[in-house]
1. Just to confirm my filter: which strands (runs of 3 or more DSSP E) fall fully inside the stretch B:466-565 and include at least 3 residues that are over 20 Å from the mean Cα position of the chain (by Cα)?
2. Being loosely packed, with under 15 Cβ neighbours inside 10 Å and of a type in the set (Phe, Trp, Tyr), is that true of even one residue in the stretch B:81-92?
3. Being outside any helix (DSSP H, G or I) and surrounded by fewer than 15 Cβ atoms within 10 Å (Cβ to Cβ), is that true of even one residue in the stretch B:179-198?
4. Quick check on B:ARG204: is it assigned to a helix (DSSP H, G or I) and among the charged types (D, E, K, R)?
5. In this structure, does B:GLN150 turn out to be crowded, with 21+ Cβ neighbours inside 10 Å and within 28 Å of the chain's Cα centre (by Cα)?
6. Just checking, how many residues over the stretch B:30-52 are more than 13 Å from chain A (Cβ to nearest Cβ) and of a type outside the set (A, V, I, L, M)?
7. Any chance the stretch B:507-527 includes a residue that's under 22 Å from B:LEU614 (Cβ atoms), open to solvent by less than 10 Å² (accessible area, probe 1.4 Å), of a type in the set (Asp, Glu) and out of contact with any Phe, Trp or Tyr (no Cβ under 7 Å at 6 or more places or on another chain)?
8. Specify the residue that is most open to solvent (accessible area, probe 1.4 Å); the eligible residues are those in the stretch B:111-135 that are among the aliphatic types (A, V, I, L, M) and not in a loop (DSSP other than H, G, I, E, B).
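The values are calculated or read from the model by the stated rules, or taken from the named source; none is laboratory data. Given the structure is predicted, the values throughout are model-derived calculations rather than measurements. Cβ atoms come from the backbone with ideal geometry, glycine included; neighbour counts cover every protein chain shown. Side chains included, ligands, DNA and RNA excluded: accessible areas come from the protein's heavy atoms. Shrake-Rupley method; radii C 1.70, N 1.55, O 1.52, S 1.80 Å.
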Amino acid sequence: MSILYFLVGCSVLMALIFLAAFFWAYKTGQNDDVHTPGIRMLFDDEIEAEKSEEDHFSS
Amino acid sequence: MEDQNKTATQALCYHCGEDLPKVKYHTADKDFCCAGCMAVFKILSDNNLCNYYVYNNNPGRQFKNESHLEYLDEPKIIEQLLDYKQERSSIITLYIPAIHCSSCIWLLEHLYKINSAIFSSRIDFLKKQVTISFNHTEISLRQLVETLNQIGYEPLISLQDVVKEHSSSVDKALVLKIAVAGFLMGNVMLFSFPEYFGLSGFERQFQSLFGWLNLAFSIPAAFYCGRDYFTSAITSLKHRHINLDTPLALIIAVLFLRTAFEVVLSTGPGFADTLTGLVFLLLMGKWLKQRTYHHISFDRDYRSYFPIAVTSLLNGKEKPVSINEIKIGDRLWIRNGELVPADAILMKGEAWMDMSFVTGESEPVHKVLGEIIYAGGRQTCEAIELEVIKPVSQSYLTGLWNNDNYKNNTEKQNFNDTVAKYFSLGVFLTAFTATTYWLFQNDSHKAWSAFTAVIIVACPCVLALSTPFTLSAILSVFDKKGFYVKNTDAVEELAKCDTLIFDKTGTLTSNENAEIGFNGSLTGEEKSMVASLLRNSIHPLSRHILKALNVDRFYSLSDYKEVVGKGLTALINNHSIYAGHLSMLPIAVESASESGVHVVIDHVYKGCFDIKQLWRSGLAGLILKLSKFKLKVLSGDTDKDRWMLDTIFTKNTSIRFRQSPHQKLDAVLQLQQQGNKVMMLGDGLNDAGALKQSNFGIAITDNINNFTPGCDAILKGDALNFLPDFIQLSKDGLKIIKTSFAIAIAYNCIGIYFAVQGTLYPLVAAVLMPISTVTIISFTTLATRWFARKNKLI
């Protein structure tokens, strides 16, 4: 049963990794704005391939 | 379906959704209400940004006058505004009140299409902020702001930079503490399971491992997550005063000490699970309390009304200076529509000051050379030159704001803190009695465990939780109805009020809508001529009257001249026509009223358009419902509406007119000295002193994005009729808190029964605490909903 000592250590370590991940996510501002990205992802990509090519050549 | 939609939108401006005038502006198959809206559409279509209109119908806002932005060229001011500056790129965060729908997000995030010097822009929708990074060598900050203005998104840049104060509405450290506490709680519970279910012989070897692990986890729980409770308890004890944090800190300390002793001496499992669970729940309650509303800022002072810079005259040359740098003797150049930032003397020019910020009276006041103009006045005529006689920080307005009276107001005691005192006393009494009893029985072990157990089980955490849960639930009900309260403590103040003071203009009347009547007579032909003239102005009054005239024929005109804010003249079919303020009339008229828009055609006075403020609907019913409160009306205006107020209010209501801001403030003070709890409802800066002094100040506004004075709550004008329900719900809220407190005491009695006998096992504590917490939280949530429904607020 002494394997439990090892397993308990593993579980604590895993939990610590998740905690660290949360700290990192929070510090880098991923939770600052939880509303706008939800709207932003609904915008369609504009399909204006011809126009953009034109622009490339003219500029 | 699509056709229906089309006909419905056809009568509206394609850009802003306003009703179209009879003769509309038309381009590219689309109709617009004014030249401004059409110009915005043209800019967007030229830059291939018409997707803006795809995401919403009429997403725009009506185009407003462009303001003076020279100050954005001053390096000193730019430095204050920028978040970050590097060799070629700068980042700035701007507050844009006009952001209101997903189209706004789309457009503002595609700014790079309008100007290639803008690298990127990001929107925070809830905070109405846009963060723009741009190449400052190619586009200046001023040009950037001008670009935003052109597309109808004018950023609001004020001296008290709204943007920067908003960013920390919820304490970041608190969220991290909650994360840590949650992590600790989860792990400690896992390690406590074997203890709960009993350990068989060969598992005993793990007992000490789990014990030590639990102790290790208790250390950060007590000293990192619970640190604020200790500091708060120590400061409050230093001031010889007990708040709710004092017993909480004591409990955390006792829980930790007992766990440490039991683990080190291996006499038992300790209370690590209770400790971590308690800290986690307490922090959650705190977070809920802190999470007030992002989109409104309440703590405003005079600085938020003033622009960030003003034009000064240095040796006759105009130079923008930041407001903080204005000194006595400086010459200021105030243009039409600009605010006077400091008390000053008029040196040159014609001054027609709109003092509505200061006195509440919106009729412009004429000032002659040499007269003092107080800070807060808005010039409505040509540019004037002023000499500053007092620095901004000592002007009339700021004097009102920094009035000494406010200092007494800081120590508002809430229910929790009052109860905490008696609670702590009771707990200590029980704990010491139990200890003494066991010491007399010569059982020192039981004495120690009884003492700690009583303190642990008598935890006032329920009190710390039920208040934020109840009050935030009430806040969110208020929020949905257009009543935005500053924080949870303010709700308690609201419940205590017994006297209501109303301001008149903007509070009992609405500023948004006005009824337009005409004194005099105009033939159909003349109406068309007036309409043709007014059509060229974007002044709000012109637009109101134009709508009221409802004419479908326009003439072309020549020699058009507009004195901004004063009047218009032009020649139509060889008739000279004038519309505007009395002071600019080309002929002398004796018996005309001061206010309104006067019309003169071919030197013959035709009459004037009268603009009447509309009373808010349902006022009489509202006042009837409020009849159990003491009511009072303080108006800065003249008594021309006395008869109307007399019909609305009962006879014994005191109604006073021509009240200066100081008189309003004094009236509130006087009532408070008589022992009344005063609620003040007002809208403008002229009520600011009274709003701040009152126990609960409500700023009434028709547009929550407008600047409102510092107050405890913001109320949307059309939600005024719910006021009695709001007050009732806040009272019910306090009842809920008191009931939940009684429930908690019942649980505590069970716990204390075990505790005084020294037989409180960790398992009992571990079961009792979550059960009581769950009961309280579900009780407060359900009761709040029930009361909200009873008051017809949901």
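1. B:499-503, B:509-520, B:558-563
2. Within the stretch B:81-92 (the criterion being loosely packed, with under 15 Cβ neighbours inside 10 Å and of a type in the set (Phe, Trp, Tyr)), the answer is yes, since at least one residue qualifies.
3. Checking the stretch B:179-198: at least one residue is outside any helix (DSSP H, G or I) and surrounded by fewer than 15 Cβ atoms within 10 Å (Cβ to Cβ).
4. Yes.
5. For B:GLN150, the condition - crowded, with 21+ Cβ neighbours inside 10 Å and within 28 Å of the chain's Cα centre (by Cα) - is not met.
6. As a first pass, look at the stretch B:30-52 and keep what is more than 13 Å from chain A (Cβ to nearest Cβ): B:30-46.
Now drop any that are not of a type outside the set (A, V, I, L, M), which leaves B:30-34, B:36-37, B:41-42, B:45-46.
The number of residues fulfilling the criteria is 11.
7. no
8. Selected residue: B:ILE114.
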